[in-house]
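See structure below.
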Amino acid sequence: MDYSEQEERSTISESGSSNSYDQQRPSFADEHGLMELLEGDRAYDLIYRNCKSALGDQCELLSILRNGFAAVGSRAKLKAFQVFQEAVEMKHAGEEGGGKARVKYGWCAVKKTELKSVLEYGFSQPRNDGCYGRGLYLSPDNALLECLKDSAAESEDGMRFLLLCRVILGKSEVVPRGSTQSCPSSPEFESGVDDLASPSKYIVWSTHMNTHVLPEFLVCIKAPFNFNRSVKRLRSPWMAFPVLIKALSKFLPPTQILIIQKHYKDQQSRRISRSELIQRVRHITGDKLLVHIIKAFGHKVQH
């Protein structure tokens, strides 16, 4: 999904207060070199729909802001990102289906106190739980929930700050859980993923995290303070879509399986979101059959 589009600077302040002190004080957006987007803006509407589709009414979306690349450091990062994108395209130009840097969007949670330095200077250290080696882990743009549940609330009101970044993936390799990897395993690769068919994590090595990742939007979300624990507690059995499709083929006619496979390919090529894929599969199978298969087969897959 492409969110990029030139925007006009907003003059809306962080608090909306009308006293003279607040009018003279730089707004949150101006202080961080950001531009607040408004409803009706193409990028705003795309991101808003993506967030609502992923979160429903669990969270309140407070604001969507765009990186204005106004500071010297952030402008340098933008140029560096463009240079490395061209370099990756040239590197793979001679390969079958090559000539592509595979630039995707990914989510990354940040703290309010570190936001300014990340936007201007980049990431100072790897940000992860260490499960897939040393690097920066991002959630695909259709996996916002994964990013949000791994974030920390800023205070008891549940404020979260999420960066939506452009990511140069290039050629990705599968990184097994428990890996201690800190750079590509060979010059053939630029990034890692936990799953090639349906990744839930983009792994950008610490050597690449300030050249292959470009923070472009900031989304401010208010979530319940116990949101993280609630999500994990309510988590249902999980199945990879290829496994689910194979299981469904035992119950559904081939024509319906072909339709589901087409929807899955559309999701893989980002023509539809993951939530849209789920809704279409539910429409074809019905919830009763889907729940039965996930309960019956899901636990077997996990074990």
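So the values come out like this:
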{"read-out": "Within the stretch 246-295, considering residues that are among the aliphatic types (A, V, I, L, M) and in contact with a His (Cβ under 9 Å, 6 or more places away or on another chain), the one farthest from SER53 (Cα to Cα)", "value": "ILE284"}
{"read-out": "Test: residue in the stretch 90-103 that is within 30 Å of GLY56 (Cα to Cα), buried (at least 18 other Cβ atoms within 10 Å of the Cβ) and of a type in the set (Gly, Ala, Ser)", "value": "no"}
{"read-out": "Output for the stretch 162-185, where each listed residue is open to solvent by 10 Å² or more (accessible area, probe 1.4 Å) and either aromatic (Phe, Trp, Tyr) or closer than 23 Å to SER269 by Cβ (or both)", "value": "ARG166, LYS171, SER172, GLU173, VAL174"}
{"read-out": "Residues (modelled with pLDDT under 90, polar (S, T, N, Q) and in contact with an Asp or Glu (Cβ under 9 Å, 6 or more places away or on another chain)) located in the stretch 114-141", "value": "SER124"}
{"read-out": "Members of the stretch 273-297 found to be open to solvent by 40 Å² or more (accessible area, probe 1.4 Å) and farther than 18 Å from LYS250 by Cα, listed by number", "value": "ARG274, GLU276, ILE278, GLN279, ARG280"}
{"read-out": "Test: LEU196 is at pLDDT 85 or above, more than 18 Å from PHE81 (Cα to Cα), of a type outside the set (Phe, Trp, Tyr) and open to solvent by 30 Å² or more (accessible area, probe 1.4 Å)", "value": "yes"}
{"read-out": "Lone unmet requirement of (1) among the polar types (S, T, N, Q); (2) open to solvent by less than 40 Å² (accessible area, probe 1.4 Å); (3) out of contact with any Pro (no Cβ under 8 Å at 6 or more places or on another chain) for ASN67", "value": "(3)"}
{"read-out": "Restricting the stretch 17-39 to residues that are open to solvent by less than 60 Å² (accessible area, probe 1.4 Å) and in a loop (DSSP other than H, G, I, E, B), the residue that is modelled with the lowest pLDDT", "value": "SER17"}
{"read-out": "Qualifying positions in the stretch 243-302 - under 20 Å from LEU145 (Cα atoms), hydrophobic (A, V, I, L, M, F, W, C) and assigned to a loop (DSSP other than H, G, I, E, B)", "value": "ILE272"}
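The values are calculated or read from the model by the stated rules, or taken from the named source; none is laboratory data. Everything numeric here is computed off the predicted structure, so don't read it as measured data. Here Cβ is always computed from backbone atoms with ideal geometry, including for glycine, and neighbour counts include all displayed protein chains. Areas reflect the complete protein model, heavy atoms only, side chains present, ligands, DNA and RNA absent. Shrake-Rupley method; radii C 1.70, N 1.55, O 1.52, S 1.80 Å.
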